[in-house]
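Every read-out reported here was derived from the displayed coordinates using simple, explicitly stated rules and does not represent laboratory data. Here the structure is a predicted model, which is why all the values come from computation and not from measurement. Every residue, glycine among them, receives a Cβ derived from its backbone with ideal geometry; neighbour counts consider all protein chains shown.
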Amino acid sequence: MSDTPNKIVLKDIHKRFGRKVVLDGLNLEVPRGKSLVVIGGSGTGKSVMLKCVLGLIRPDSGQILIDGQDSMKFDNGEREEALRKFGMLFQGSALFDSLKVWENVAFGLIQGRNMPRGEAKEIALEKLGQVGLGPEVAELSPAELSGGMQKRVALARAIAAEPEIIFFDEPTTGLDPIMADVINDLIVSCVRKLGATTLSITHDMASARKIADYIAMIYKGKIIWHGPASQVDTSGNDYVDQFIHGRAEGPIKMEVLKP
Amino acid sequence: MNPLAIIGRVFLDFLTAIGRVAVFTFHGVRHIFMPPFYLRLLVRQMMTIGYFSLPVVGLTALFTGMVLALQIFIGAGRFNAESAVASIVVLGITRELGPVLGGLMVAGRVASAMAAEIGTMRVTEQIDALTTLSTNPFKYLVAPRLLAATLSLPVLVLVADIIGVMGGYLIATHKLGFNAGTYMKNTLDFLQTLDVVSGLVKAAVFGFIIALMGCYHGFQSRGGAQGVGKATTDAVVSASILILVANYFVTELFFAGK
């Protein structure tokens, strides 16, 4: 099953919370070993889409295939096994503040894979080195780190178990432009080294251009454009043009009350 | 809005909440008995819930025992029954006041802390992060807390019983003029194993309730700081009320018809 051309496939995914329709027949394919970035404004369903793939939210209908297997039919054991393929960088880093930095990075190895703490710590230090953090940082608690350093630790944690698939949820949000570029470079180098398939969501176009092989745009719970990153400037799609140029005027109307 | 519709909605919300708590309890308890077992977390929680609650529960028990001796002496003096002070203090402390006041104090201290910690983890996506790191949040966060609280509270209440009786003894012998040997003899003569055991069983039930409400409301927390604050308040209020309700039923279970 692992020789399918697409690592992840979402077919006709619907999800609503109460009366609010968040995903409205979303279709998406993430090619094996490639980096797909989904762009879109706030509240368009990007995070819900990621959480559906991870099984954190159950879609109302549709099909999610991971390596050709329907993840919505997984039992608990199969889901836990499938989750071992994933690493995730959360928007707010989501580091465990009761644990030291190295314990955060090694968490998936110790708790998820029963690796001895000593061995896991060695790997954690190596991964921290890959994101430019020295061993002196390893013994600190996450609260003692700056936002950029926390993102790097979160990246180290996401790649610690060398996952086949990595999700990045707004990886550069809240960072200054230079630190954002540092994080983008680290994402590109770490992902290339692992050969992982990645799915990122962002509204930062600089980040999208840097890390994407393919870009898709989500609007009102649907993918409205999908293509190679190199074609995003010549997509011919008015929604994409408005979004990437950050124009207030265009087909995307913001729900803002005018004075 | 139609008043009947409001009543209906409140009733449906209440039933929904009961259903959610029942499902949450089922998953929490199930994971206590399913590997992997997080012994390190269990020990840490037992320290937090049991050992670090000792000062507040000990002081509560001490002053409760002291006040109880004083009040009973004054009340019993109205019909010349002062000699009953020792027996009433020990029965009152072991059967009721030790477990109930200890439970309420721990609910204030521990349920709030659990709800705040887990609630913050919820709103900062740390619980989602646990799932993506192949760790079941129920197994990692809920099961150790439920087990630790259920095991710790009886030990805590046993210590509180001893301190409470000691408080009564101090007041009785130093202020009310009781003979120390006679007071102790009366205390031990009237005390039965069931009095202590019923209190310890209550403590275990209260410990389970405290951890359950702390974890449940923490997991249900939504939004930001306000959501965590609400979860904390809800955890303490619901744990306190459920402790008082459970106290009645456990008392009836042990002592009805005796």
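A few notes on this one:
- Basic side chains Lys and Arg get +1 at the Cβ, acidic Asp and Glu get -1 at the Cβ, and with that the dipole of segment A:102-204 about its Cα centre reaches some 280 debye.
- Going from the fewest other Cβ atoms within 10 Å to the most, the residues B:Thr193, A:Thr172, B:Thr16 appear in the order B:Thr193, B:Thr16, A:Thr172.
- The protection proxy used here, the mean number of other Cβ atoms lying within 10 Å of each residue, ranks peptides B:130-139, B:226-235, B:94-103 as follows, highest first: B:94-103, B:130-139, B:226-235.
- Span-like helix ranges in chain B, DSSP H, alpha carbon extent 20 angstrom or more, Kyte mean at least 1.0: B:3-32, B:54-76, B:143-174, B:193-220, B:225-255
- Neighbouring partner chain Cβ atoms per residue of B:120-131, average, 10 Å criterion: 6
- Estimated FRET transfer efficiency when R0 is 56 angstrom, pair A:His245-A:Leu140 (beta carbons, to 0.05): 0.85
- Over segment B:10-97: Rg over Rh, Cα atoms, Kirkwood Rh: 1.25
- The share of Cα pairs per 20 Å bin across the protein assembly as shown, counted from zero up to the longest distance, runs 19, 43, 25, 11, 2 percent.
- Of the two radii for segment B:120-210, the radius of gyration is 1.30 times the Kirkwood radius, both from the alpha carbons; that is the Rg over Rh value.
- Counting only whole DSSP H helices of chain A, the ones at least 18 Å long by C-alpha along their axis and with mean Kyte-Doolittle hydropathy no lower than 0.5 are A:177-194.
- When A:Lys151, B:Lys175, A:Lys7 are arranged by Cβ crowding within 10 Å, least crowded first, meaning fewest neighbours, the order is B:Lys175, A:Lys7, A:Lys151.
- Remark: segment A:148-193 is approximated by an ellipsoid whose semi-axes, taken from the C-alpha gyration tensor as √(5λ), come to 18, 11, 9 Å, largest first.
- Among A:Asp75, B:Asp195, a tally of other beta-carbon atoms within 10 Å of each Cβ gives an order, fewest to most, of A:Asp75, B:Asp195.
- Cα-centred dipole magnitude for segment B:77-164, charges only on beta-carbon of K, R (+1) and D, E (-1), debye, nearest 20: 80
- For segment B:52-112: relative contact order, % (alpha-carbon pairs under 8 angstrom, 6 or more apart): 45
- Using only side-chain charges placed at the Cβ, +1 for Lys and Arg and -1 for Asp and Glu, the dipole size of the protein assembly as shown relative to its Cα centre rounds to 780 debye.
- Inter-chain Cβ neighbour average for residues A:83-89, partner chain, 10 Å: 3
- nm² value of the averaged projected area, convex hull over the Cα atoms of chain B: 18.0
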